[in-house]
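Please read the structure below before turning to the comments.
The values are calculated or read from the model by the stated rules, or taken from the named source; none is laboratory data. Worth saying up front: this structure is predicted, and the values here are computed from it rather than measured. Quick reminder, even Gly has a Cβ in these numbers, built from the backbone with ideal geometry, and neighbours come from all protein chains shown. Please note that ligands, DNA and RNA were not included when accessible areas were found on the heavy atoms of the full protein model with its side chains. Shrake-Rupley method; radii C 1.70, N 1.55, O 1.52, S 1.80 Å.
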Amino acid sequence: MIDMKKLIPSAEVREYIAECGHRFSLLDEAALIFQNPILREDVRLDALRAIAAKLRENPTSEFKTQKDDGVISAEELALQIDAHIRADMEAETALFQNSLGGVYEVSYSMKSDSLRGGQSEAFSPSCFSCIEKAAEAARADAGENLSGYKITLRELDGDKCVCGFFNACGGLLRVDSSFSFAAYDSDNRLDNFYVEIPYPFKDGDIVREVHSGRVGVVNHLGGEWMAKNIVRRYRDASHIEVPTDCLDEDGEFVYEPMFTPCVEKARVDEKSSDGEYLTEAALLVQGKGSLEYFTHLVKQRLAERE
């Protein structure tokens, strides 16, 4: 069985799942491992290999998928996992060995105590001939405030590119490439499957996303959504999310759902302007706040920006 910490980084969500007695299928585990933004790439691939091996112990068993209420067999899912692993390994090789014969670009995120927008982002205007120099530039620019960085390798005479996402210590978290889709069945991507995740968050809870630092107010929940979270289906991707309203860089609320396995309750300083604003918004969502006072805060904040 996969370690729950690999599936669900949030201790609060893990505890709630245990209380509910909820169990994940092997398909669920594969989807959650694949989408986890915190796991190192080597740990992710090892976990996926273990799931594929487990699937092959009963290859004719079937799992429901989100596409047209279809099903996928354990053997088909194992083959899909194999394809994902091969695609990631190919992209990783291209990134570190520069098999595209291209140049490297780097952008990075920095730690922030602000309640607005989570971590701050920055981009280095330079291009680099090797991946080590790109990583050094991120570390030099951000210093101790470095939270993570993304290195992109772009082909000089073509359209191919590879992106690698790294933590502050230089550990590779995941890779993506412009040519990965050709390696597997895009209809059965590991982020396209139906997954249920019970969670304890209610309307008006102030929450934080562990990996991004974003803070927001849980909103748009009701009925079944109060008890469980399901994948929200888009045209070509599915997102496991808690619906939240967050403050953007200008201090205005925007709808930015958070990745459910990485969400935890947050405390804010109600004496700060943004902390008071979040708190009053949370009370309104709970049906306890004063619309008049919240409107006063909105006007006050708009006046400060003029």
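Here are some notes:
- Net +/- balance of residues flanking Leu247 in space, Cβ distance below 9 Å, scoring K and R +1, D and E -1: -4
- Centroid-to-centroid separation of the stretch 89-132 and the stretch 252-306 [C-alpha atoms, Å]: 32
- Taking the accessible area of the stretch 1-61, probe 1.4 Å, and keeping the other protein chains in place, the carbon and sulfur fraction comes to 50%.
- Förster radius 41 Å - calculated FRET efficiency between Phe165 and Glu57, Cβ distance, rounded to 0.05: 0.80
- Where the Cα pairs of the stretch 97-185 fall when distances are cut into 10 Å bins, in %: 17, 46, 27, 10, 0
- Per-residue SASA remark: His296, around 90 Å² accessible (1.4 Å probe; ligands, DNA and RNA not included).
- Gyration tensor (alpha-carbon) shape descriptor, the chain, a/c threshold 1.5: oblate
- Cα Rg, Dmax (largest Cα-Cα span) when computed across the stretch 1-121, Å: 17.9, 52
- Neighbourhood charge, 9 Å Cβ-Cβ cut-off, centred on Leu153 and excluding it, Lys, Arg +1 and Asp, Glu -1: 0
- Anisotropy class of the stretch 64-110 from Cα gyration tensor, a/c 1.5 cut: prolate
- Extension gain, His22 to Arg267, is 85.4 nm, computed as 0.36 nm per intervening residue step minus the present C-alpha separation.
- Largest mean-square fluctuation among Gln35, Gln80, Gln97, in a Gaussian network model of the chain whose springs join Cα atoms under 10 Å apart, belongs to Gln97.
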